[in-house]
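Following: one structure in structure tokens, then a few remarks.
The values are calculated or read from the model by the stated rules, or taken from the named source; none is laboratory data. Quick caveat, the model's predicted, so the values are computed rather than measured. Please note: Cβ atoms are built from the backbone with ideal geometry, for glycine as well, and neighbour counts cover all protein chains shown. The protein model used for the area step is the full one, side chains on, heavy atoms only, and it has no ligands, DNA or RNA in it. Shrake-Rupley method; radii C 1.70, N 1.55, O 1.52, S 1.80 Å.
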Amino acid sequence: MQAKREQRSDRAAGRSGKIEGFTDRGVHGLLCEAEQAYYLTGVLDSGAAGMEWSRFVWEAEGFAQMDMYALVSDRRSACLALDTAPLREVPAQIMQQGGVRRTGARALLFAPENTVPPMRGRYCRICGVFRRAAKSGGTLHGWRASYPKQSFAGYLPAVYQGYDLLERYFAVFEDLYLEREEQIGRFAERLDPARCGREDLDRLADWLLVPHGAVLPDQTLRRLVRSAAELNRRKGTARYYRTLLWLVTGELPELRPEPTRDRPGERRLQIIFKRPVDLPRAWLVGLLRRVQPLGVAFSLVVPEQKTPPAALDQDALGGTARMG
């Protein structure tokens, strides 16, 4: 059997395709801001005429429905012709030229039911139609296309080759197997906070006991997860809370002890930001309550004026006086 090959988008998906209804957030992916959004890949080149393409995968989350329209041809001009039409008309053009439609994040480009001719051709182009779930916008992080088509029948003796019934029978199991193989192949990526998607990033944060929430941008949460081991070692110290707040806001707060004559045994700390931060004050209060140790109370002071947070050097972190 031929070795499986793969083409994939740049991690910033907007740099490798045409979009409509999306806002390009760079490394954070494409944010869907319309009820229906469109994405058209560039022309994918397998390098060999008559290539039978195998699978296409969207790296996406938060969509109610994802429809994929695929055009495969040995003529590059046929794929380039899609650029002449408005993006919302491209799916119809693909179907008029003998393309296929699949629904879902993972799609087989060949037809296991054998109801249409195989998708063969050197070049491939994919158009996605995305419908967001309710009012929340979904995010498209990227895509992957693999080829050539792989069949379990290739592992059998030559006498079993070329039987359509056997091919269709194996196709059911191939889809399940290839999905598991893909998950195993991406296992290291899913554990890497610098490369994984938001869903895996939230899972890593839960595993590492990192306080987080949907309000945090991806890059902020990646910094938190990368710093989790150091943060957890310093839990209960002033440096832990200063570092945590610096990582989520970009501003280094000042911690001041407050007198607690009315409550013996309790320690109160005032956390003061000298400049405004982009995160809501109520969310920061909730964050502090999640990591608040017994016998310690906080009061938070944040200026109201909204300005972009300034980048600070991590060496500016303060001391390690123990709290409580």
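In the range 47-74, which residue that is part of a loop (DSSP other than H, G, I, E, B) and surrounded by fewer than 20 Cβ atoms within 10 Å (Cβ to Cβ) is nearest to the chain's Cα centre (by Cα)?
Among residues in the range 47-74 that are part of a loop (DSSP other than H, G, I, E, B) and surrounded by fewer than 20 Cβ atoms within 10 Å (Cβ to Cβ), the one nearest to the chain's Cα centre (by Cα) is 62.
Restricting to the range 75-92, give me the number of residues that are in a helix (DSSP H, G or I) and either open to solvent by less than 50 Å² (accessible area, probe 1.4 Å) or at positive phi (or both).
Looking only at the range 75-92, we keep the residues that are in a helix (DSSP H, G or I), and these are 76-84, 87-92.
Of the ones still in play, those that are also either open to solvent by less than 50 Å² (accessible area, probe 1.4 Å) or at positive phi (or both) are 78-79, 81-82, 87, 90-91.
Count: 7.
For the range 195-219: of the residues being small (Gly, Ala, Ser) and surrounded by fewer than 18 Cβ atoms within 10 Å (Cβ to Cβ), which is farthest from residue 241 (Cα to Cα)?
Start the filter on the range 195-219 by keeping residues that are small (Gly, Ala, Ser), which leaves 197, 205, 213-214.
Still in the list and also surrounded by fewer than 18 Cβ atoms within 10 Å (Cβ to Cβ): 213-214.
Details: 213: 17, 214: 20 Å.
That would be 214.
Residues are listed down the side, and each one gets a yes or a no for (1) surrounded by 18 or more Cβ atoms within 10 Å (Cβ to Cβ); (2) without any contact (Cβ under 8 Å) to a residue 60 or more places away in the chain:
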| residue | (1), (2) |
| --- | --- |
| 140 | yes, no |
| 144 | no, no |
| 162 | no, yes |
| 180 | no, yes |
| 221 | yes, yes |
| 224 | yes, yes |
| 232 | no, yes |
| 246 | yes, no |
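Counting only residues that are in a loop (DSSP other than H, G, I, E, B) and modelled with pLDDT of 85 or more, which one in the range 265-277 is most open to solvent (accessible area, probe 1.4 Å)? Break it down stepwise before answering.
Pass one, the range 265-277, residues in a loop (DSSP other than H, G, I, E, B): 265-266, 273-277.
Filter again for modelled with pLDDT of 85 or more, leaving 273-277.
Working: 273: 5, 274: 161, 275: 107, 276: 17, 277: 3 Å².
So, considering only residues that are in a loop (DSSP other than H, G, I, E, B) and modelled with pLDDT of 85 or more, the one most open to solvent (accessible area, probe 1.4 Å) is 274.
Can you name every one of the strands (runs of 3 or more DSSP E) wholly within the range 93-203 that holds 1 or more residues which are modelled with pLDDT of 80 or more and touching an Asp or Glu at 6+ places or on another chain (Cβ under 9 Å)? Let's see the steps before the verdict.
Details: elements: 100-103, 106-108, 123-132, 139-147.
Correct list: 100-103, 123-132, 139-147.
Filter the range 287-298 down to the residues that are touching a residue at least 24 places away in the same chain (Cβ under 8 Å) and open to solvent by 30 Å² or more (accessible area, probe 1.4 Å), then identify the one that is farthest from the chain's Cα centre (by Cα).
First, the residues of the range 287-298 that are touching a residue at least 24 places away in the same chain (Cβ under 8 Å): 287-288, 290-291, 293-298.
From what's left, open to solvent by 30 Å² or more (accessible area, probe 1.4 Å): 290, 293-295, 298.
Details: 290: 26, 293: 33, 294: 37, 295: 39, 298: 35 Å.
The selected residue is 295.
Is it the case, given these coordinates, that residue 238 is within 30 Å of residue 138 (Cβ to Cβ) and surrounded by 13 or more Cβ atoms within 10 Å (Cβ to Cβ)? Give the steps one after another, and end with the answer.
Details: within 30 Å of residue 138 (Cβ to Cβ): no; surrounded by 13 or more Cβ atoms within 10 Å (Cβ to Cβ): yes.
Judged against the criteria, residue 238 is not a match.
If we scan the range 222-232, do we find a residue that is part of a helix (DSSP H, G or I) and among the hydroxyl-bearing types (Ser, Thr, Tyr)?
Here is the first cut: in the range 222-232, the ones part of a helix (DSSP H, G or I) are 222-226, 228-232.
Keeping just the survivors that are among the hydroxyl-bearing types (Ser, Thr, Tyr) gives none.
Within the range 222-232, not a single residue is part of a helix (DSSP H, G or I) and among the hydroxyl-bearing types (Ser, Thr, Tyr).
Anything in the range 28-41 that is modelled with pLDDT under 90 and surrounded by 14 or more Cβ atoms within 10 Å (Cβ to Cβ)? List them, or say none.
Quick first cut of the range 28-41, residues modelled with pLDDT under 90 only: 28-35.
Within the range 28-41, 28, 29, 30, 31, 32, 34 meet the criteria.
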